[in-house]
Amino acid sequence: MHGLINRSIQSYVCDCYGAEVWMSAARAAGLETADFEAMLTYEDELTPRILDGIAQVLERPRSEIMEDLGTYLVSHPDFEPARRLLRFGGVDFEDFLHSLDDLPDRARLAVSDLILPHLELRKHAKGQFSLICEPSIAGYSHVVMGVLRVMADDYGTLAMLESSGCGHGIESLSIRVVEASYAQGRDFRLGAQAG
């Protein structure tokens, strides 16, 4: 697993719950070290262990932790580049949804050895979609759901999202766009602002 993923989980716990909670989660997971380096590679089995450790320490379901992680990854100021990368996906939320198939490739443009799970959007009717994930970590679709909730708000769109199951190595989300222009979206410009 790419260290950037594990480091992001560490940052999420430290920023939202504090360093003591992170240390407790690392102990619960049986980690040899509590610090992850963003540009190193780690054994794949470490990531589920640390997620389970966090869930145990916080006494919350792992799915909730993962959804909160997804929210954090696109709403925390330290991860503004991730949000900006996602906003390049389209001028409105539905355009953005259609761009999700290309997200793993766009992520590799930013970090060449970062491999994100395959995503596939399926449109069923006007405003009704399902998103199919082929997760490398069980529950990855919950991270995606957290990201999508923030991005819907970012675009000013009212959308209903829910997990619609898993099996045979895939997880899926149900997405219903209730109102595309529900609220004022967050300002976005292609160029970085001088400040």
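Here are some notes:
- Dividing the summed helix terms, -39500 (n - 2.57) for each DSSP H run of n ≥ 4, by the number of residues in the chain produces a 222 nm estimate of -14500 deg cm²/dmol to the nearest 500.
- Region 1-112, accessible surface, carbon-and-sulfur percent (1.4 angstrom probe): 53
- Within the full protein context, the accessible area of Arg27 is estimated at about 150 Å² for a probe radius of 1.4 Å.
- Each Lys or Arg adds one and each Asp or Glu takes one away; over the other residues whose Cβ falls under 14 Å from the Cβ of Pro61, this sums to -3.
- Surface analysis of region 61-195 yields an accessible area of 53 Å² per residue, using protein heavy atoms and a 1.4 Å probe.
- GNM on the chain, alpha-carbon springs under 10 angstrom: the most fluctuating residue among Gly167, Gly89, Gly146 is Gly167.
- Estimated FRET transfer efficiency when R0 is 25 angstrom, pair Glu20-Asp113 (beta carbons, to 0.05): 0.20
- The long axis of helix 3-17 is offset from the longest Cα principal axis of the chain by roughly 90 degrees.
- For the chain, the longest principal axis of the C-alpha atoms and the axis of helix 19-28 are separated by about 70°.
- The chain: angle of helix 46-58 to the longest principal axis, Cα-based, in degrees nearest 10: 90
- For region 120-188, carbon and sulfur atoms together expose 48% of the accessible surface, with a 1.4 angstrom probe and every protein chain in place.
The values are calculated or read from the model by the stated rules, or taken from the named source; none is laboratory data. For clarity, every value in this text was computed on a predicted model and none was experimentally measured. Ideal geometry is used to build each Cβ from the backbone, glycine not excepted, and the neighbour counts take in all protein chains shown. Note: accessible area is taken over every heavy atom of the protein model, side chains too, but ligands, DNA and RNA are not part of it. Shrake-Rupley method; radii C 1.70, N 1.55, O 1.52, S 1.80 Å.
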